[in-house]
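I have placed the structure first, in the form of structure tokens, so that the comments after it can refer back to it.
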């Protein structure tokens with residue numbers, strides 16, 4: 001009996017001890033499990049011996065932060081083009097001029113609405129690809145300011161109508177009429193008249209017209225000494241640059257009078273004419289109008305004078321008919337460029353056939 005009781009006591013003691021061990025083991029396991037479980041979205045570390053937070057950094061693991069690009073503010077307030085309509089033939093190239101103020105150098109870009117009809121490069125040079133109509137846009141890089149030009153690719157006849165002896169009180173009216181029809185001309189100016197008409201000459205140049213020299217005081221150059229010829233050229237160059245920012249690109253000697261000395265001293269090409277309308281002699285609007293219409297043809301260089309109101313009015317009267325007949329009036333330099341002909345300094349040119 002005593003032996004049995006001892007065995008029973010020992011068994012109970014062992015079971016009790018085992019229970020304590022098991023409970024202790026379970027408790028420790030729970031503590032370990034508690035300290036090992038860390039939320040995915042947190043790097044919080046909790047001590048197994050106390051509840052003090054060692055470090056906390058809440059950083060999502062699957063979220064990508066996208067920063068919005070700052071909006072570009074346009075520093076260009078307005079853009080205007082020298083033409084609202086540009087006409088050209090297939091494979092021909094013509095330039096558009098953009099006028100704008102860009103103090104912070106934002107820059108501009110050129111875009112064609114339909115490059116299969118006409119494409120445009122980064123300098124505003126438009127090239128005809130096939131017959132049709134499209135638009136070319138010039139815009140600030142922010143694309144908030146823009147101007148557009150209608151481009152017509154067709155079958156046009158290029159010619160040049162030139163004006164001597166200005167600028168005059170009638171030149172402004174002439175410049176406005178050219179702009180209305182999106183035409184251009186070359187103006188051979190007399191240097192002594194330029195300063196008083198600076199603004200008109202600048203406007204004319206900005207519209208895409210060409211400014212050439214017609215000497216300083218309309219002297220017959222062949223009757224002058226070499227030094228005097230130089231003076232005529234240089235003084236005109238100076239006043240023209242003061243007005244438009246560049247030197248004259250061509251020279252037309254007064255009366256068409258030139259010799260080897262004049263040619264040698266001319267640092268730009270010299271331009272004569274293929275058609276003399278004699279508008280200076282026959283000062284009648286209808287006469288001038290009829291002469292222009294009668295003489296119009298591809299490659300012609302027609303001579304007129306913007307010093308006479310009848311010449312200006314006769315020319316303006318002819319514009320609708322020239323437009324209707326498919327004539328495209330361009331500057332002398334552009335006429336030669338479109339016909340793939342080079343102009344050389346000191347050489348006289350009479351036409352562009």
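Mean shadow of segment 287-353, computed from the convex hull of its alpha carbons, in nm²?
5.1 nm²
Kirkwood Rh over alpha-carbon pairs of segment 257-331, then Stokes-Einstein at 4 °C and 1.567 mPa s: what D in µm² s⁻¹, rounded to an integer?
For the chosen part, D equals 95 µm²/s.
Within 10 Å, count the other beta carbons around each residue, average over each peptide in 199-206, 339-346, 291-298, and list them highest first.
199-206, 291-298, 339-346
Which number comes out as Rg/Rh for segment 79-154 once both Rg and the Kirkwood Rh are worked out on C-alpha atoms?
That ratio equals 0.98.
Between residue 143 and residue 298, what length in nm is gained on full extension when 0.36 nm per residue of separation is reduced by their alpha carbon distance?
That works out to 51.8 nm of additional length.
Just the Kirkwood number for segment 157-349, please: inverse of mean 1/r across all distinct Cα pairs, in Å, one decimal.
16.5 Å
For segment 137-217, just list the percent of Cα-Cα distances falling in each 5 Å bin from zero outward, please.
For segment 137-217, the binned pair fractions read 3, 13, 21, 19, 13, 11, 10, 6, 2, 0 percent.
Every number in this text was worked out from the coordinates using simple rules, so none of it is lab data. On a predicted model such as this, the values are computed, not experimentally measured, just so you know. Note: ideal-geometry Cβ built from the backbone for every residue, glycine included; neighbour counts use all protein chains shown.
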